[in-house]
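Below is one structure; the comments refer to it alone.
The values are calculated or read from the model by the stated rules, or taken from the named source; none is laboratory data. Not measured: the values here are computed from a predicted model. Here the Cβ is made from the backbone with ideal geometry for all residues, glycine too, and neighbour counts use every protein chain on show. These area figures cover heavy atoms from the full protein model, side chains too; ligands, DNA and RNA do not enter into them. Shrake-Rupley method; radii C 1.70, N 1.55, O 1.52, S 1.80 Å.
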Amino acid sequence: MKKYYLFLLLFVSATLAAQKRVDLDRFNFKVQFRNLPNLKLDSTYRTYNVLVNSTKMMQPFMQDSDPSNTVLLEGWRKLGQDGHINIQVKLEDLLPETVSIKERAITTKDRNGVITGTKIVYYQQVVYTFAATAQINDYKGIHVMDEELASRNYKQVYNSPEFALRPLAEGYFVLNSLSITKELFRKCVNRAMHYLSERITDNFGFAAITTDDFMWVIGSRKHPEYDDDRKAFQLMSEVLFSMNASKSIEGAREKLKPVIDYFESIKTTYSGSKKHDRKIRYASYFNLAVLYYYLDDPEQMMQQANGLILNDFHTAVGKSFQETALRLKNQFQQSNIYTRHFNIDLDEFKGPKEKPYTVNNDY
């Protein structure tokens with residue numbers, strides 16, 4: 001009997017101890033949404049065209065390709081000419097700056113790791129630079145922005161194949177200058193066009209983004225909220241996973257109401273000032289702030305961020321969430337679009353000189 005009471009006492013003590021502390025584990029999830037423009041343009045602008053020009057010296061290296069075809073502004077329709085915005089790219093010369101011979105020692109070893117021989121190989125190293133810029137204007141001639149795509153301040157290096165004889169290395173670049181220059185120029189142009197696509201999409205586009213994020217889940221199995229916490233996260237994970245950048249999230253908030261209600265109840269159930277209560281409230285404020293962010297509700301996210309700060313547990317996170325909520329709110333107001341989940345039909349967008357579709361009823 002004494003052993004039974006001792007066991008019961010230990011069990012009760014362990015239960016009380018579990019209630020006085022809480023361990024939080026990261027709960028990772030994926031969610032998709034559509035990025036909104038960082039810069040403000042006329043909301044009716046949704047077509048663009050690209051023109052790429054190079055110097056006379058570089059023109060022969062562009063005969064087999066058209067770099068303008070690789071420039072992509074996501075969420076906009078691309079035209080051959082006369083788009084709402086015109087992107088003019090200027091590619092400058094690829095210029096060698098220094099040419100030198102480098103050498104490398106190659107050692108051979110026996111089974112015991114003892115060096116048995118050394119061979120010297122030679123290669124030619126060329127330091128070169130490249131520059132490219134883009135100017136963006138709208139169809140009315142109004143300047144929108146300039147973008148540096150490549151700078152001569154960035155020194156690039158080409159290394160030739162290695163040779164056993166120094167004279168072979170010394171003459172390699174001269175003998176193969178055309179093919180080497182063409183390949184280096186191609187790589188430089190591709191990088192510049194890729195960077196341009198990223199910049200204009202960030203500034204004006206509507207890219208679909210799948211991102212990894214996390215919330216806090218109770219990791220203490222003996223904690224009284226452990227099971228309910230897991231159930232809430234299971235439901236939340238299912239709803240967030242079903243979100244699509246091209247599909248409205250109308251109805252998602254209603255599905256998530258049990259999750260929201262649960263996290264809100266935690267704040268009142270654990271309202272004390274001790275570390276345990278502040279820590280579990282921190283998780284609820286944190287999770288709700290993240291949830292409202294993906295529900296496109298910066299106002300509610302801001303409220304949770306303010307609550308995080310007042311809760312006085314990792315207040316820096318609350319300040320970071322305040323900045324995120326304000327940035328999202330500004331993006332909504334700037335683009336006059338208040339959701340990041342909507343379909344885009346590029347065929348609907350017409351350039352300023354294109355005639356809209358008309359229905360012919362004469363038949």
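Within the stretch 60-81, can one find any residue that is open to solvent by less than 30 Å² (accessible area, probe 1.4 Å) and part of a strand (DSSP E or B)?
So far as the stretch 60-81 goes, no, none of its residues is open to solvent by less than 30 Å² (accessible area, probe 1.4 Å) and part of a strand (DSSP E or B).
Could you check the stretch 110-157 and list, in sequence order, the residues that are outside any strand (DSSP E or B) and among the aliphatic types (A, V, I, L, M)? Walk me through it before giving the result.
Residues of the stretch 110-157 outside any strand (DSSP E or B): 110-114, 130-131, 139-142, 151-155.
Within the stretch 110-157, Val114, Ala131, Ile142 meet the criteria.
Please report, ordered by residue number, the helices (runs of 4 or more DSSP H) entirely within the stretch 167-253 with at least 1 residues that are closer than 25 Å to Gly318 by Cβ. I'd like the intermediate steps shown before the answer.
On the way: elements: 172-175, 177-204, 226-241.
Qualifying helices (runs of 4 or more DSSP H): 226-241.
Quick grid of which residues meet (1) over 19 Å from Pro298 (Cα atoms); (2) in contact with a His (Cβ under 6 Å, 6 or more places away or on another chain); (3) open to solvent by less than 30 Å² (accessible area, probe 1.4 Å):
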residue: Gln234; (1), (2), (3): yes, no, no
residue: Leu240; (1), (2), (3): no, no, yes
residue: Met243; (1), (2), (3): no, no, yes
residue: Ser246; (1), (2), (3): yes, no, no
residue: Arg253; (1), (2), (3): no, no, no
residue: Lys257; (1), (2), (3): no, no, no
residue: Ile260; (1), (2), (3): no, no, yes
residue: Lys274; (1), (2), (3): yes, no, no
residue: Ile280; (1), (2), (3): yes, no, yes
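Do you know which of the residues in the stretch 204-231 that are more than 15 Å from Ala283 (Cβ to Cβ) and hydroxyl-bearing (Ser, Thr, Tyr) is least open to solvent (accessible area, probe 1.4 Å)?
Of everything passing the filter in the stretch 204-231, Thr211 is least open to solvent (accessible area, probe 1.4 Å).
Just to be sure I understand the filter: pairs with C-beta atoms under 9 Å, separated by 6 or more residues or on different chains, first member in the stretch 140-158 and closer than 23 Å to Tyr45 by Cα and open to solvent by less than 80 Å² (accessible area, probe 1.4 Å), second member of a type in the set (Gly, Ala, Ser) and in a strand (DSSP E or B). Which pairs pass?
Qualifying pairs under 9 Å: Met145/Ala134; Glu147/Ala134.
Would you pick out the residues in the stretch 176-193 that are open to solvent by 100 Å² or more (accessible area, probe 1.4 Å) and either touching a residue at least 40 places away in the same chain (Cβ under 8 Å) or within 29 Å of Thr118 (Cα to Cα) (or both)?
To start, the set of residues in the stretch 176-193 that are open to solvent by 100 Å² or more (accessible area, probe 1.4 Å) comprises 178, 186, 191.
Across the stretch 176-193, the qualifying residues are Arg186, Arg191.
Of the numbered conditions (1) open to solvent by 60 Å² or more (accessible area, probe 1.4 Å); (2) under 22 Å from the mean Cα position of the chain (by Cα), Lys353 fails exactly one; give the number of that condition.
Here Lys353 clears every test but (2).
Could you tell me whether the stretch 113-121 includes any residue that is out of contact with any Leu (no Cβ under 9 Å at 6 or more places or on another chain), under 24 Å from Thr181 (Cβ atoms) and open to solvent by 40 Å² or more (accessible area, probe 1.4 Å)?
No - not one qualifying residue is present in the stretch 113-121.
Take the residues in the stretch 311-338 that are open to solvent by less than 40 Å² (accessible area, probe 1.4 Å) and either among the polar types (S, T, N, Q) or touching a strand residue (DSSP E or B) at 6+ places or on another chain (Cβ under 8 Å) (or both), then tell me which one is modelled with the lowest pLDDT.
Ser335
Among the residues of the stretch 73-119, which ones are in contact with a helix residue (DSSP H, G or I) (Cβ under 7 Å, 6 or more places away or on another chain) and acidic (Asp, Glu)?
Glu74, the sole residue that qualifies.
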